[in-house]
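Values quoted throughout were computed directly from the atomic coordinates according to the rules given, and no laboratory measurement underlies them. Everything numeric here is computed off the predicted structure, so don't read it as measured data. For neighbour counting, all protein chains shown are included, and Cβ atoms are generated from backbone atoms with ideal geometry for every residue, glycine included.
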Amino acid sequence: MIHVNKALRNSQYFLNELFLPEIYSAATIEDFLRNKSEIKPTKKILPWGCLVNGGVIVMFETSVMYNPINSTKGVLNDLTASLEVSLMRRFNGFSWIIEDEKRLYIPHIYFKPDEGSIFLSYYKTSGPQTAETAREKNFYFSMIPAF
């Protein structure tokens, strides 16, 4: 698991790190579960980082399958492990509705190490182009004459 803030501190974007919460990037769910004891929670006094004090954001590099348990909880599965998550509530009080067996791309979780609570905080439902789509697109573009 990579600590993104450490990489930022050693780059030309080191000032951005002052405002960000602690962010980690995990290759798989198993990678997160194996290394979650090493995670240090956010302790910032500047905005945006202070909004998640006591917690961290973990981004997964792989796509995962979401299986609901009930209206507020679900399970994220990838090829290596599974992880039970709660759904974060939006500002209007309603939780997200995710369809059964839905593939989620670039999922982010909000993890509070002291409490052990895990919330699904961000995801995309569309991923990278498939090879078939790319071939189909190339086929149609090759029919247009170049000027």
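So which residues in the range 45-81 are among the basic types (Lys, Arg) and either buried (at least 19 other Cβ atoms within 10 Å of the Cβ) or closer than 22 Å to Asn16 by Cβ (or both), if there are any at all?
If the condition is that a residue be among the basic types (Lys, Arg) and either buried (at least 19 other Cβ atoms within 10 Å of the Cβ) or closer than 22 Å to Asn16 by Cβ (or both), then no residue fits.
Residues checked against (1) in a loop (DSSP other than H, G, I, E, B); (2) touching a helix residue (DSSP H, G or I) at 6+ places or on another chain (Cβ under 7 Å); (3) free of Cβ contacts under 8 Å to residues at least 60 places away in the same chain; (4) among the aliphatic types (A, V, I, L, M):
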residue	(1), (2), (3), (4)
Leu8	no, yes, yes, yes
Phe14	yes, yes, yes, no
Glu17	no, yes, yes, no
Pro21	yes, yes, yes, no
Tyr24	no, yes, yes, no
Asp31	no, no, yes, no
Lys44	yes, yes, yes, no
